[in-house]
1. Using only the alpha-carbon atoms of the stretch 150-218, report the extent along each of the three principal axes, biggest first, to the nearest angstrom.
2. Taking the Cα-to-Cβ direction at Val184 and at Leu328 and moving 7 Å from each Cα, how far apart do the two end points lie in nm?
3. Once you place label points 7 Å from the Cα toward the Cβ at Tyr245 and Val317, how far apart are they in nm?
4. May I ask you to derive the relative contact order of the stretch 224-299, considering only C-alpha pairs under 8 Å and at least 6 residues apart, and to give it as an integer percent?
5. Taking neighbour Cβ counts within 10 Å as the exposure measure, how do Ser197, Ser57 sort from fewest upward?
6. Which shape class applies to the stretch 213-347: rounded if a/c is under 1.5, otherwise prolate when a/b exceeds b/c and oblate if not, where a ≥ b ≥ c are the square roots of the Cα gyration tensor eigenvalues?
7. Give the relative contact order (percent, whole number) for the stretch 138-258; include only Cα pairs under 8 Å separated by 6+ residues.
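Rule-based calculations on the coordinates, nothing more; no lab input. As the structure is a prediction and not an experimental result, all values here were calculated from the model. Note that we place each Cβ from the backbone using ideal geometry, even for glycine, and neighbour counts take in every protein chain shown.
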Amino acid sequence: MEELKNQQAAPEAADSEAPLDKNVRLMSPTRMVVRRFFRSKLSILGLVMVISLFLFSFLGPVIYTQWGEIQLDESGKTEYSIAETTYTVNGVEYTLRQTTEKYLKDNFLAPPSAEHILGTDNEGYDIFVRLMYGGRISLTVSFIAVFLITILGVVLGGVAGYFGGAVDNVIMRLSDVLMCLPGVPILLIISTILDASDIDAKYRIYLLMVYLTFISWTGTARLVRGQILSLREQEYMVAAEAMGYSTFRKIFKHLVPNVMPQLIVQMSLSLGSMILYEATLSYLNLGVKAPYAAWGTMINIISTNQDILQNHLNVWVPAGICIVIAVLGFNFVGDGLRDALDPKARR
């Protein structure tokens, strides 16, 4: 009787457990990373800051079309020039005062108003509009530079780590030489050469960033090389070797994807550093030239004009705030990705 009761109870227990098995869902690695990322308030804050800057820089000029990037406000103060002429008639001296033709003075250093949300600078350009166009330059240049640096670093670091030997020595010694180059003096030389050429001032910063890309891939290459040196002896690489996969497939389909979490974090953190670098170049008058705008160029004005530094904060403070928001935003996103991609983090 007891065995019969146990046999009858077993199906009932199995039936009671069956619905639980149906409700169990395995979470994919991508979903797990996204869930961890959005758990962090700083990550969400950084993402909001970055998205807001992109919307402001790229959609702002499309919506706010009242003023252009290089459009001067010539509706400023009306001034008159008075000329005096002295005549002597029959020993009597007469003075003739004549008002010459009036002229319009550019509306420079205007305070914030409905016409100009953030006022105008010392040349009469609308600060709010130039802030948007400056964001386009800063963000675009930074993304292009970081993308090119990552591509070069992955290719050269992957080849060096996989082949080792003489190939590794050549690539690593080349990176050592590039790391020893003095960056700022060479940038000064390149900037002088560009000044003597007929290259449009708007595109000079892109040429300078090409040079920065050429000397900045070494860090990424060393990171990829170190990871691949430890991964190429794993079991799955032995299996790939036994199956006769090509070298290209083994490096870029089996090894590099395992380094992508570290690369993604490094790229997000490098974006903030590259924005600071671009702003520094523009501040030193090595980047974007007037009349075109960049955040660093907008701050550069305080280096030669103490009156603006002290009495016209609306001219340079907004650009500084945008740089701070961009750098903090990318750093917050990078920190969030680093924690989310950590396999040892709590589920």
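1. For the stretch 150-218, the Cα spread along each principal axis is 45, 21, 14 Å.
2. Between Val184 and Leu328, the label points sit 2.7 nm apart.
3. So the label points at Tyr245 and Val317 sit 5.7 nm apart.
4. Values: 37 pairs, mean separation 15.8, N = 76.
Relative contact order of the stretch 224-299: 21 percent.
5. Working: Ser197 9, Ser57 21.
Going from least to most buried by this count: Ser197, Ser57.
6. prolate
7. 43
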